[in-house]
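To start, the structure itself, in structure tokens.
Values in this text are rule-based calculations from the coordinates and carry no lab data. All figures in this text were calculated on a predicted structure; none of them were measured in a lab. Glycine gets a Cβ as well: all are built from the backbone with ideal geometry, and neighbour counts include every protein chain shown.
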Amino acid sequence: DPSSSSLTQNSVVPELPGFYYDSEKNRYFRLLPGHNNYNPLTKESIQYKAMECKRLRLLEEEEKQKKKTTRAGLNSSMLLQKRQLGLLSSTSYCRLVHELKVNCMQRRKIEIHSPDSSVAGTNNFKIIVADVACERIFTVNDVEHGGCKYGIVNLSGLGKESLTVEMYDNLYFTNRKVLEKSLFSLTHFSKLCLMGIAETPGCASLLPASLFSSTNPGDRPGMLCSFKISTAWSCAWCLNPQADNCFSTGLTRRVLVTNVVTGHRQTFGTSSDVLAQQFATQTPVLYNGCRSGEIFSIDVRQRNRKGQSWKAIRIFHDSAVTSIRLLEAEHYLMAADMAGKIRLWDLRTAKCVKQYKGHHNEYAILPLHVNEEEGLLTAVGQDCYTRIWSLQDAHLLRTIPSPHPSSKDAIPSVVFSSRLGGSRGVPGLLMAVKQDLYHFSYN
């Protein structure tokens, strides 16, 4: 048939209602109605099969050969020569070296040990986040009978050939799902966790690091400091000295700022649900990302007033904002939305200066990871691919497939640092998927 043969010559195959096109067999097949076990041909199953084939192909390519740089002519000898000739500054040289190393990272599975042998590797990782020195990571794990539990993983063993880490669980677990977490204290490695389930009001809990101590279990506190907060979407802790006892929660159409010492609460009304929050460190200013796509800032020193006059900076995305990250100088803000757009905003001019393409998101609240020292941006998409961009020019450096089949409950959680395990630690990427922890090490 001339019409079918012409389809192979075109890169885009027309979509026919009720049919799907099989590229291998070069023909259309009818989609049967329903989504039961007797109908293997549904649009979702076809899409999943195609994604799984792509993932397996990428994994096979990564195992067979070393990754090459995505920039033409960029190699270590050329960088060293330019550095010796004075054509590259120290900052640019280090940034480009990290680019080369990121493309050569190789995956290795980490062996998790625990004082309690029944703990390690028995629950799926939901969230991992590193402390400021990257010596330890805070983990949230799903529990089989529902809810979540917390743990701390010591990364000191990453520098050894054995690739082992120690994981310490606390004695308590919550029957609520952990929705988001925020760094509470830089020095004592405590956490502010937001928890809640649909049937009951949520709460924000402050978790002291002593809960996870491997010594003197009798000295552990018998309760957590919790604040009852319902319909909450996000939370953030303030590290500025002018409001260092305060945390914020993003609620349905309002922002709630709470002082943990006095219990005083301040409410700011919004026109949309607040899905992402972060405090500035140089000033007591809170940045908020909304379901409507609006990003605005609040100076928590001022009293709330009627109307929208207390909003300082206002910028807009076309879709719901899921994550915001301030850069170190706090003149720029990185934001991601549910349309898969990642944009860098100049807060002084309220204009978008860069856009990082390739991220995939449709409805999930997914974090961004900014490493300014290494000049890298990392994000995990809803398609379970981990992507790394250059902060400098928004160039996509690498796309890493997940070691596990893609699914809603298997989206990886990652941590990247050039000093995993402390100041003398090893560089690379940590990835938690299901019950496994992987280290993508520099080659």
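So what is the relative contact order of region 291-443, in percent, for Cα pairs below 8 Å that sit 6 or more residues apart? Relative CO of region 291-443 lands at 12 percent.
For the peptides 351-363, 47-59, residues were scored by their other Cβ atoms within 10 Å and the scores averaged per peptide; the highest-first order is 351-363, 47-59. Counting only residues at least eight positions apart within a chain, or on another chain, the aspartates and glutamates with an alpha carbon under 19 Å from that of LYS357 are GLU99, ASP318, ASP337, ASP346, GLU372, ASP383, ASP393.
Here each label is just a point 7 Å from Cα along the line to Cβ, and for ILE313 and LEU56 those points are 4.7 nm apart.
Separation of the alpha carbons by more than 19 angstrom is noted, of LYS408/LYS434; LYS311/LYS351; LYS126/LYS228, for LYS126/LYS228. Once the Cα-Cα distance is subtracted from the 0.36 nm per residue extended length, the GLU373 to SER89 segment shows a gain of 100.8 nm.
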